[in-house]
1. Using alpha carbon coordinates only, what is the Rg to Rh ratio of the range 248-400, with Rh defined as the Kirkwood radius?
2. Per 5 Å bin from zero, what fraction in whole % of the C-alpha pairs of the range 220-287 is there, up to the bin with the longest pair?
3. Report, in degrees rounded to the nearest 10, the 0 to 90 angle that the Cα long axis of helix 87-101 makes with the longest principal axis of the chain.
4. Between the range 93-165 and the range 1-19, what is the separation of their alpha carbon centroids in Å?
5. Diagonalise the Cα gyration tensor of the chain and give the resulting equivalent ellipsoid semi-axes, square root of 5 times each eigenvalue, largest first, whole Å.
6. To the nearest 10 degrees, how steeply does helix 158-176 sit against the main Cα axis of the chain, on a 0 to 90 scale?
7. In the Gaussian network model of the chain, springs joining C-alpha atoms below 10 Å, which of G61, G370, G155 carries the largest mean-square fluctuation?
8. Just need log10 I(q)/I(0) for the range 22-99 at q = 0.22 Å⁻¹, Debye formula, equal scatterers on the alpha-carbon atoms, no solvent, rounded to two decimals.
Amino acid sequence: MAQHSLSDRVAIVSMSCTRFAEHFDRSADQLAVDAVTDALGGVDLTPDDIDAYWLGTYVSGISGMALARPLRLTGKPVTRVENMCATGSEALRAAVYAVASGAVDVAMAVGVEKLKDTGYSGLISPKIQDDGTRVNTSAPANFSLLAPAYQKRHGVAPEDFRAAMTHVAWKNHANGALNPRAQFRKPISKEAIAGSAQVAGTLGVMDCSGVADGAAAAIVVRAEDAHLYTDRPLYIKALSLVTGSGSGAADEDYDYTYFPEVVECARAAYEQAGITDPQRQLALAEVHDCFTLTEIVLMEDLGFAERGKAWQDVLAGRFDRTGDLPVNPDGGLKSFGHPVGASGLRMIYECWLQLRGEARDRQVATADRGLGLTQNLGGAPGDCVCFICVVGTKLGRPDA
Ligand code: COA
């Protein structure tokens, strides 16, 4: 039993992302068509030129027909995938595996979600039939448990942790204000964030990601074919997925101060990509800031900060757009909202722009490091799936 690295075998040659917003005037079908059309346009291909499609959607369609129908595809393999909030990333993983295996030459990953009309929010989510032992609390309530646990374990004053949470929201909204594709495009003051209406525990509305509609897409080919399509491909360096067993709530050793699935997923991703010093080797990271405190804990799980110290690094601006390691320079889930099936691909889209020097006002100064990481999390502390992708501008291992 083993997981082998697919590093440098597959390249992304085109990407697209719609604006994430409350799209009253567009159906999920239309959003998917928009994303597919833009991605095809980037490399002058037609829908028929794609050998196989993977559609990631959480609740906005069933089966591959949810994409085949609006695209009017005939005779094509189209598969719908779902893995909670990591759904969009799963679509990419499947497309990359298909190309790496030699089964197809050109594959497309599409993520789409239309949530606003459904009434979905972090406070209302589908209840899945189970054996009755699962904790049935809301997403904000689940994640809010991280704050008192972290503060106690690391001896952090609640007001200091609150300040770090506020900084995350402030930073991500400031970044989103520069991004034409973000849902919320206004900078928000620290006072407004810290004083926002309480949702769960110490989480206020401004600590939560929003709810949005949107779509994104990527076209992948074999690495050796990439220059037939673009002179600036992004190579897949690592694809790592860890699915938790959901034992957290029943595990006496789990203390709600970290995500074991993320730690293991990052270890595997760094090994695949040859990353030995993520803080200095990565140009940027797009992480799953579903709630502000999630981003703080992720900085430690991903090896960007020492245990118990991420809140200080956040406050020192290390993860600001102009910091040592920019995190969520596109504005993250905080300013984009979270159309579940599209978010993972939206994160990779920011790496696509930043590493190709196309992020305009948001361009990070660290882009020449040439490596970007995305981290997509589904579920809750102690009960989650984690996906990590590393993409890079050059072939070869960074540690070579
Ligand atoms: N961040 C910033 N602004 C937000 C926001 C958020 N998370 N949520 C809503 N707003 C804004 C809206 O843009 C709107 O502004 P406007 O009046 O200027 O148009 C206003 O607040 C009210 O919006 P509304 O949609 O009525 O908010 P709501 O009260 O229904 O929803 C939350 C607020 C916090 C419940 C919702 O954003 C939420 O559920 N977030 C969490 C999503 C989640 O848990 N996802 C899963 C992650 S694992």
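1. Here Rg/Rh amounts to 0.95.
2. Each 5 Å bin holds this share of Cα pairs: 3, 13, 17, 17, 15, 15, 8, 5, 3, 3, 1.
3. The two axes meet at around 40 degrees.
4. Measuring centre to centre over Cα atoms gives 22 Å.
5. For the chain, the ellipsoid semi-axes come out as 31, 23, 21 Å.
6. Taking Cα atoms only, the helix is inclined about 30 degrees.
7. Highest fluctuation among the options: G155.
8. Once normalised to I(0) and log-transformed, intensities are -1.12.
The values are calculated or read from the model by the stated rules, or taken from the named source; none is laboratory data. Quick caveat, the model's predicted, so the values are computed rather than measured. To get the accessible areas, we keep the full protein, side chains included, count just its heavy atoms, and leave off ligands, DNA and RNA. Shrake-Rupley method; radii C 1.70, N 1.55, O 1.52, S 1.80 Å.
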